[in-house]
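Asks: My structure is below; once you've seen it, I'll send some questions.
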Amino acid sequence: MKKLFSALLASAMLLAMGLSLAACGGHKAFYTLKEAYEREIISYEDLKQIHEEHKNGSEFPPLSAEEDAAIRQSIFENSQEIAKALSSDLGNIDLEFSSPDEIEILSFYGCFQGCYVVYVLAFESALTALWSFEVEDVEFSCPYWNFILVWTNPEGIVFE
């Protein structure tokens, strides 16, 4: 009886873990491209496609107004976590926003395993400094206040 209870408990725990991780890789709302690749949220082929979209200008249709608003709201709510994730490439950065309206999604690079990959402008700046980062053997460069983020849609919002 004890073995049966243990087996049922273990099965229930595995099912719960699987369901919680099924929504595009886990509990975080955002991942950097490097984090998403390392956690196998995006594949190498996805990474190459994102690179092509970034390099040549995205050909994906723009996000709907509802998708755009949901992602900007999520960036606003998770800005400190995003700043911390980006700090390995950019050093200490401060992403303080007074509203989601201060955030602009410049491009949408597609959905990969249910996750949205977006190119974000956090702040307008007269500076034209570029920063670069490499994932596997794929190099990306962006103006300093622009980021490529992978949004997991943790609330499971269904868009029409």
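Bear in mind that the values in this text are calculations on the coordinates, not laboratory data. This is a predicted model, so every value here is computed, not measured. Every residue, glycine among them, receives a Cβ derived from its backbone with ideal geometry; neighbour counts consider all protein chains shown.
Asks: Within a 10 angstrom radius of the beta carbon, how do Cys142, Cys115 rank from fewest other beta carbons to most?
Replies: Details: Cys142 19, Cys115 22.
Arranged by neighbour count, lowest to highest, Cys142, Cys115 become Cys142, Cys115.
Asks: Pro61: net charge of surrounding residues, Cβ under 13 Å, Lys/Arg +1, Asp/Glu -1, itself excluded?
Replies: Details: positive: none; negative: Glu53, Glu59, Glu67, Asp68.
Once positives and negatives cancel, what remains is -4.
Asks: For the stretch 138-160 and the stretch 34-102, what is the separation of their Cα centres, given in Å?
Replies: If you average the Cα positions of each part, the centres end up 2 Å apart.
Asks: Please compute the Cα-Cα pair-distance distribution of the stretch 24-151 with 5 Å bins starting at 0, giving whole percents from short to long.
Replies: Histogram of Cα-Cα distances, whole percents per bin: 2, 11, 22, 26, 23, 13, 3, 0.
Asks: By counting other Cβ atoms within 10 Å of each Cβ, how are Val135, Val150 ranked from fewest to most?
Replies: Values: Val135 20, Val150 28.
Placing the least packed residue first, the sequence is Val135, Val150.
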